[in-house]
Amino acid sequence: DVLVLPEGCYTLDPSKPIGCSSLRRKLQLKEIYPDMNVKSIRGNLQTRLEKLDNGDYAGLVLAAAGLKRLGLEKRISRYFDTEEMVPAAGQGILAVQGRKGLDYEYLEGYDDLQAHQAAAAERAFVKYLNGGCTSPVAAYGEIKDGQLKLTGLYYEEETGHYLKGYKTGNPSDAEELGTSLAKELQAKWNTKSLACRKTTKKNREKSG
């Protein structure tokens, strides 16, 4: 995920909103730019850039891959790292899909084991939390020094609040790691939510 500024600009104009249509990105942008307003934007990439350069937005948050594919990499003003802007699960990983029952052994030499393990952890995290294509639930796995670090974002639809967290483990236990982190974040939020409800109830009783 990257930030794109209007041509000729080097900073965000606080009087204008940041254009972004992804709820996952919107949630995390509030942490990065707490004083900026975030507004949805529609249209293809060229349409969005046109609206940006016409002064409708202070900046846009887009996928770096899409800009690079169209030769627009020079428009990128800033890359967000995966800690501050947790990407959607599986983002950046290429996969081959084929018919069930056929022999695909010839593809084994092309398989990236680390990407495979990272994807397994990310998918297990999202699956446990029932995340879908439009859900802001996000996960990012990365293997360093022989350990798989999984960063996850848990979103509570009823309240609109979310939590981030991470867990490190053996890459061979990728799916278990993903499920475990999802359970931990969910439990942490449930405990926090329960404490908030108890505090609110006590305050009502005092005021009553």
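The values are calculated or read from the model by the stated rules, or taken from the named source; none is laboratory data. Please read all numbers here as calculations on a predicted model, not as lab measurements. Cβ sites come from the backbone with ideal geometry, for glycine too, and all protein chains shown count toward neighbours. For accessibility, only protein heavy atoms count, side chains too; no ligands or nucleic acids. Shrake-Rupley method; radii C 1.70, N 1.55, O 1.52, S 1.80 Å.
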Worksheet item: Can you tell me the accessible area per residue over region 23-108, all protein chains present, probe 1.4 angstrom, in square angstrom?
Response: 67
Item to complete: Any chance you could list P(r) for region 20-129, counting all Cα-Cα pairs in 10 angstrom bins from zero, rounded to whole %?
Response: 11, 33, 31, 18, 7, 1
Response to the item:
Dividing the helical contributions, -39500 (n - 2.57) per DSSP H run of n ≥ 4, by the residues of the chain yields a 222 nm value, nearest 500 deg cm²/dmol, of -12000 deg cm²/dmol
Item to complete: Starting from region 9-115, pick out the GluC sites (Glu not before Pro) whose DSSP state is loop and whose Cβ has at most 11 other Cβ atoms within 10 Å.
Response: 83
Worksheet entry | Among 70, 150, 12, residue whose mean-square fluctuation peaks in a GNM of the chain (springs only between Cα atoms under 10 Å) | 70
Worksheet item: Do any trypsin sites (Lys or Arg not before Pro) in region 5-84 lie in a loop, going by DSSP, with at most 10 other beta-carbon atoms within 10 Å of their beta carbon, and if so which?
Response: 42
Worksheet item: Carbon-plus-sulfur fraction of the accessible area of the chain, 1.4 Å probe, in percent?
Response: 48
Worksheet, complete the sentence: Its Cα gyration tensor gives the chain an equivalent ellipsoid whose semi-axes in whole Å, largest first, are 31, 30, 14
Worksheet item: At a Förster radius of 22 Å, what calculated FRET efficiency corresponds to the Cβ-Cβ distance of residue 77 and residue 40, to the nearest 0.05?
Response: 0.60
Worksheet entry | Theoretical FRET efficiency, 1/(1+(r/R0)^6), r = Cβ-Cβ of residue 156 and residue 97, R0 30 Å, to 0.05 | 0.40
Worksheet item: What range in the chain is the longest one free of chymotrypsin sites (Phe, Trp or Tyr not before Pro) that are in a loop by DSSP and have at most 13 other Cβ atoms within 10 angstrom?
Response: 105-208
Fill in: Longest to shortest principal axis, alpha-carbon extents of region 1-75, angstrom
31, 25, 20
Worksheet entry | FRET efficiency, 1/(1 + (r/R0)^6) with R0 41 Å, evaluated for residue 56 and residue 114 via beta carbons | 0.50
Fill in: Stretchable slack from residue 187 to residue 168, in nm (0.36 nm times residue separation minus alpha-carbon distance)
5.0 nm
Worksheet item: Which whole-number percent is the relative contact order of the chain (Cα, under 8 Å, 6+ apart)?
Response: 18
Item to complete: Check each of the trypsin sites (Lys or Arg not before Pro) in region 100-182 and keep only those in coil by DSSP with at most 16 other C-beta atoms within 10 angstrom; list them in order.
Response: 100
